[in-house]
Amino acid sequence: MVLKAAGKRARCPAMRRTWSRLAAGAALIQLLAGKAWAAGGPPATKLVNVADTRAMSPGLSKWIADLYNTNLWLFGLATVVIMAAMGYVLGSGFDRLMSLVGINLGRLDHHE
Amino acid sequence: MEMFEIFLPIAGLQFNVLLLLLIGFTVGVCGGFFGIGGAWIVTPALNIFGFPMPYAIGTDLAHMGGKSIVSTMRHGKFGNVDMKLGVSMIVGTTVGMELGARLVIYLEAIGLAESVIRKIYVIFLALIGSYVLYDYLSHVHRTRKAAGNRRETPPAGPTMAMKLQRIKIPPMIHFPAAGITCSVWLPILVGLVTGVVASVLGVGGGFIRMPALIYLIGCNTLVAVGTDLFEVMITGAYGAFTYGIKGRVDLLAAMWMLLGAAVGAQMGTIAVKYVRGYSIRLLFAVTIFIACASVLMKQLEMQTTSSILILSAGILISGVIIGLLFRGVGRELKARKTLE
């Protein structure tokens with residue numbers, strides 16, 4: 001409708017070209033805005049954490065990444081358990097190693 | 001060096017394993033020696049090498065829990081951990097951290113959080129560092145004076161901790177490893193105050209708790225170091241869990257760091273055997289001043305310089321501690337050979 005009325009009013013060909021370009025532009029904007037609105041959906045509330053496992057071969061790294069992608073609660077729990085277990089095992093191991101050097105690792109006298 | 005590069009799937013980075021081991025080792029030595037978590041070294045170090053900040057904090061907290069187990073176990077065998085005192089303080093610390101978090105939210109709401117917190121942090125670190133340094137210097141002065149008069153070093157007079165211990169609000173409790181009897185409210189209150197401060201400043205709290213255990217509760221330096229590590233172990237485990245469920249821990253990086261930290265923590269902890277309590281306090285004061293300078297640089301928007309300063313200072317301090325350890329071990333082995 002708008003195009004027709006504008007075309008009738010625009011007598012010279014240059015004017016007609018301008019009007020038709022403007023109309024095409026308006027239609028394109030309307031189309032894109034509609035698409036963008038539809039793609040946007042409701043506002044994002046949370047960012048999703050994903051570890052990229054596509055190029056990973058099976059092993060410890062892949063197991064950690066898979067656990068991270070599957071269940072974050074389990075991942076949190078595994079973090080605590082693994083760190084505590086590693087701390088205990090390494091602590092005991094190095095303790096034994098240090099005592100093999102021959103230094104006395106018994107109780108200390110507290111001196112300031 | 002390419003052979004040491006690994007892919008960290010959670011942080012989404014290629015990272016050098018040797019670097020992770022070095023950072024872990026450095027912070028392990030300092031943590032075991034001073035009784036601190038060392039977040040002030042690890043977080044900026046990981047950050048300058050490409051870790052996004054939330055992942056740097058989460059990964060640091062995760063490895064901190066494991067590393068503190070190594071140090072606490074060794075300090076426990078040395079008789080430096082007062083579990084009763086640690087547990088009493090944790091009660092106050094937990095409440096204090098929650099109160100501190102609410103205070104931060106309030107400061108954020110009125111738009112003051114960032115600037116106010118950094119300024120308080122700088123002032124706080126400068127005050128603690130100056131007090132510890134003053135205490136060390138007056139001890140040296142008293143010792144020299146006593147040596148001149150050929151008698152024992154006189155006590156410094158009633159300290160703040162002695163005055164606080166005299167407040168008899170029931171229930172009174174005895175802390176065996178620390179050798180202190182005081183109202184149970186004293187460690188709870190000190191825990192509460194240090195918890196608020198740690199939470200507001202966004203740090204683990206070792207920097208504040210260790211001197212608080214010495215100057216407000218009255219522990220000797222080694223028990224303060226050991227008991228503080230017991231607390232760091234618990235806050236580290238909680239931090240690992242809470243950052244883990246939020247997906248902000250790179251577990252693989254934390255495991256490599258812990259490998260380095262376990263060796264460092266063991267060495268740092270054994271080094272306390274060969275150093276007098278007041279020497280630990282002197283090195284602690286120097287460390288605090290370096291941390292203070294780095295925060296000041298951040299305030300002046302010199303982020304990279306600040307992180308480089310922190311990392312190199314951490315390496316330097318751990319080098320000094322390892323030097324003290326080797327000297328001590330050498331002397332001990334030599335003395336044993338002479339006896340045989």
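Bear in mind these aren't lab numbers, they're just calculated from the coordinates by the rules spelled out. Worth saying up front: this structure is predicted, and the values here are computed from it rather than measured. FYI the Cβ positions are ideal-geometry reconstructions off the backbone, even for glycines, and counts take in every protein chain you see.
Quick look at the numbers
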read-out	value
Rounded to the nearest 20 debye, dipole of region B:2-339 from Cβ charges on Lys, Arg, Asp, Glu	1640 debye
Ranked B:ASP250, B:ASP135, B:ASP60, A:ASP109, criterion: other C-beta atoms within 10 Å, fewest first	A:ASP109, B:ASP135, B:ASP250, B:ASP60
Cβ-based net charge around B:GLY268, under 12 Å, with every Lys or Arg adding one and every Asp or Glu removing one	+3
Residues B:SER68, A:SER99 arranged by fewest to most Cβ contacts within 10 Å	A:SER99, B:SER68
Span-rule helices in chain B, defined as complete DSSP H runs reaching 18 Å or more along the axis (Cα) with Kyte mean at least 1.6	B:17-34, B:185-201, B:251-271
Neighbouring partner chain Cβ atoms per residue of B:219-225, average, 10 Å criterion	2
Of B:LYS67/B:LYS273; B:LYS119/B:LYS246; B:LYS77/B:LYS163; B:LYS67/B:LYS298; B:LYS77/B:LYS168, those spanning more than 22 Å from alpha-carbon to alpha-carbon	B:LYS119/B:LYS246; B:LYS77/B:LYS163; B:LYS67/B:LYS298; B:LYS77/B:LYS168
Helical contribution to [θ] at 222 nm, DSSP H n ≥ 4, -39,500 (n - 2.57), averaged over chain B, rounded to 500	-26000 deg cm²/dmol
Net charge, B:ALA11 excluded, C-beta distance under 13 Å - Lys, Arg +1, Asp, Glu -1	-2
Amide H contacts of B:CYS219 (H built 1.01 Å from N, under 5 Å, at least 5 apart or other chain)	B:ILE214
Debye, to nearest 20: dipole size of the protein assembly as shown, +1 on Lys, Arg Cβ, -1 on Asp, Glu Cβ	1180 debye
For B:60-68, mean number of other protein chain Cβ atoms within 10 Å	4
Between region B:72-146 and region B:178-212, the Cα center-to-center distance that results, in Å	6 Å
Dipole of the protein assembly as shown [Lys/Arg +1, Asp/Glu -1 at C-beta], most positive-end residue of B:CYS219, A:SER92, B:MET64	B:MET64
Selection from B:PHE207, B:GLN299, A:ASN71 lying farthest towards where the dipole of the protein assembly as shown points positive, charges on Cβ	B:GLN299
Rounded to the nearest 20 debye, dipole of region B:192-340 from Cβ charges on Lys, Arg, Asp, Glu	440 debye
Gyration tensor verdict on region B:2-339 (Cα atoms; rounded if a/c is under 1.5, prolate if a/b is larger than b/c, oblate otherwise)	oblate
Shielding by other protein chains, B:3-15, mean Cβ within 10 Å	3
Ascending count of other beta-carbon atoms within 10 Å, so fewest first, for B:TRP256, B:TRP185, A:TRP73, A:TRP63	A:TRP73, A:TRP63, B:TRP185, B:TRP256
For chain B, built as a Gaussian network whose Cα springs stay under 10 Å, the top-fluctuating residue of B:ALA146, B:ALA161, B:ALA240	B:ALA146
